[in-house]
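**Q** Before anything else, here's the structure in question.
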Amino acid sequence: MPISLTMPLDVAALRARRAGTRFGAHIEYFAETDSTNLVAERLARSGAGEGTVVIADAQTHGRGRLGRHWVSPANRNLYLSVVLRPPMAPEDAPKLALMAGLATAECVREWCAQVRLKWPNDILIDGRKVSGLLAEMGMEGERLAHVILGVGVNLNIEIEEFPEELRTKAGSLLHATGREVDRVAFTDRLLTHLETRYQQFIGEGFASMREDWDALSSLHGARVCVEDTRHRYEGEVLGLADDGTLRLRDAAGNELRVVAGDVSVVDGYAPRGS
Ligand code: BTN
């Protein structure tokens with residue numbers, strides 16, 4: 001194994017690259033922490049400004065969507081959270097995760113052209129999940145005070161390092177390309193992509209990037225089943241609507257709009273690498 005795979009992040013080099021930017025001009029680094037989202041949440045509650053970044057080389061309680069665990073071994077991958085203070089209503093905040101998924105996929109694409117988005121927030125290469133997003137809102141009364149945007153990207157982890165039950169589903173850039181990823185360079189590019197798309201999102205809304213999101217979607221034309229805690233929908237994927245909901249055509253030809261849920265492709269049919 002190359003020596004750099006076992007090395008901590010060169011945070012001084014990253015800080016030098018991020019000087020003068022909005023995302024990452026202030027970086028809190030930890031060799032190990034519970035969860036970068038939890039640390040960022042604590043910082044936001046004590047007044048940390050927009051663009052404050054928390055990075056850890058390992059997480060003991062990496063958190064995924066729907067209460068799941070995020071595998072976070074030391075010095076392999078990227079575990080990062082950004083404090084956002086978007087001037088928007090709480091009901092619009094879920095679209096931030098879609099924006100961040102697009103920005104992350106665009107960054108991953110610089111290392112691997114086969115990257116695809118799977119609604120709502122998964123990033124896949126050859127059907128394996130290489131990245132996930134966890135956006136968590138902090139409220140002050142009725143007002144959205146901040147959003148913690150957590151991004152996990154599997155960079156240099158080997159498939160054998162995942163728990164057995166994930167070894168057919170999870171992937172990494174190392175696995176996909178056979179090449180080790182420079183974590184400083186990747187993190188710098190990711191923060192640049194996030195900053196650019198966030199500014200666009202604040203200025204022009206999610207609708208202005210919907211076509212770019214659709215162009216990277218793995219689900220176009222797929223027959224899918226979407227489940228949340230209360231509903232189950234089945235249909236053909238037509239794409240995203242301007243508000244970030246998933247458009248499906250059901251068996252009767254009606255168009256449905258799905259707000260949230262877990263997507264699985266029916267019959268394993270996956271036209272673009274989901
Ligand atoms: C998912 O389930 O797909 C979301 C995974 C999000 C993982 C990242 S790693 C950095 C940040 N800190 C966490 O505890 N979770 C997010």
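Read the figures in this text as sums done on the coordinates, not as results from a lab. Computed from a predicted structure; not experimentally measured. Positions of Cβ are backbone-derived with ideal geometry, glycine not excepted, and every protein chain shown enters the neighbour counts.
**Q** Quick one: compute the contact order of segment 96-247, relative version, from alpha carbon pairs under 8 angstrom and 6+ residues apart, as a percent.
**A** Values: 233 pairs, mean separation 32.8, N = 152.
It comes to 22 percent, rounded to a whole number.
**Q** Moving on to the next point. Sort out for me the Cα centre separation of segment 166-206 from segment 241-270, rounded to whole Å.
**A** For segment 166-206 versus segment 241-270, the Cα centre distance is 25 Å.
**Q** Using helices alone, what [θ] at 222 nm do you get for the chain, with -39,500 (n - 2.57) per DSSP H run of 4 or more residues, divided over all residues and rounded to the nearest 500? Show your work: numbers first, answer last.
**A** Numbers: 6 runs with 67 residues, N = 274.
Counting only the DSSP helices, I get -7500 deg cm²/dmol.
**Q** Can you list the GluC sites (Glu not before Pro) in segment 103-157 that are in a DSSP coil and have 13 or fewer other beta carbons within 10 angstrom?
**A** On the way: sites: GLU106, GLU110, GLU136, GLU140, GLU142; in loops: GLU110, GLU142.
Filter output for segment 103-157: GLU110, GLU142.
**Q** Are there trypsin sites (Lys or Arg not before Pro) in segment 141-188 that DSSP marks as loop and that have at most 14 other Cβ atoms within 10 Å, and which are they? The partial results should precede the final answer.
**A** Values: sites: ARG143, ARG167, LYS169, ARG179, ARG183; in loops: ARG167, LYS169, ARG179.
Here the sparse-neighbourhood loop sites are ARG167, LYS169, ARG179.
**Q** Here is a further query. Multiplying the sequence separation of ARG167 and VAL259 by 0.36 nm and subtracting their Cα-Cα distance, what value in nm do you get?
**A** Working: separation 92, 0.36 × 92 = 33.12 nm, distance 2.93 nm.
Result for the pair: 30.2 nm of gain on full extension.
**Q** How large is the Rg to Rh ratio of segment 165-240 when both quantities use alpha carbon positions and Rh follows Kirkwood?
**A** On the way: Rg = 17.0 Å, Rh = 16.0 Å.
Using only Cα positions, Rg/Rh for segment 165-240 is 1.06.
**Q** Shifting gears a bit: Take the alpha-carbon centre of segment 54-106, take the same for segment 10-52, and report the distance between them in whole Å.
**A** Centre-to-centre (Cα) distance: 13 Å.
**Q** In segment 33-129, with Lys and Arg counted as +1 and Asp and Glu as -1 at Cβ, which of these residues, ASN37, ALA89, GLY64, has the Cα nearest the positive end of the dipole, that is, farthest along it?
**A** GLY64
**Q** Right, next: Picking from VAL181, THR245, THR229, whose Cα lies most toward the positive end of the charge dipole for segment 169-274 (charges on Cβ: Lys, Arg +1; Asp, Glu -1)?
**A** Among VAL181, THR245, THR229, the one farthest towards the positive end of the dipole of segment 169-274 is VAL181.
**Q** Another question, if that's okay. Looking at segment 71-225, I'd like the Rg to Rh ratio, where Rg is from alpha-carbon atoms and Rh is Kirkwood's inverse mean 1/r. Don't skip to the answer; put the middle values down first.
**A** Values: Rg = 15.7 Å, Rh = 16.1 Å.
Answer for segment 71-225: 0.97.
**Q** Considering just Cα atoms, how many Å³ per residue does the convex hull of segment 130-195 enclose? Before the final figure, lay out the partial values.
**A** Values: hull volume 7.6 nm³, N = 66.
Output value, Cα hull per residue: 116 Å³.
**Q** Follow-up. About the Cα centre of the chain, what is the dipole size in debye to 20, counting +1 per Lys and Arg Cβ and -1 per Asp and Glu Cβ, all else neutral?
**A** That gives the chain a dipole magnitude of about 220 debye.
**Q** Once you have the Cα-Cα distance between ARG68 and ALA145, take 0.36 nm times their residue separation minus that, and quote the gain in nm to one decimal.
**A** Values: separation 77, 0.36 × 77 = 27.72 nm, distance 2.50 nm.
Here the segment from ARG68 to ALA145 would lengthen by 25.2 nm.
**Q** Right, here's the next one. Quick one, what does Rg over Rh come out to for the chain if you take C-alpha atoms and the Kirkwood Rh? Numbers along the way, then the final one.
**A** On the way: Rg = 18.1 Å, Rh = 19.0 Å.
Expressed as Rg/Rh, it is 0.95.
**Q** Continuing with this model, one more query. Note down the magnitude of the dipole of segment 147-266 about its Cα centre, charges +1 on Lys and Arg C-beta and -1 on Asp and Glu C-beta and zero elsewhere, to the nearest 20 debye. Please list the in-between numbers first.
**A** Numbers: 13 positive and 22 negative charges, 34 e Å.
Result for segment 147-266 is approximately 160 debye, rounded to the nearest 20.
**Q** Continuing with this model, one more query. Which of LEU238, LEU149, LEU78 moves the most in a Gaussian network model of the chain with Cα springs under 10 Å?
**A** Judging by the Gaussian network model, the answer is LEU238.
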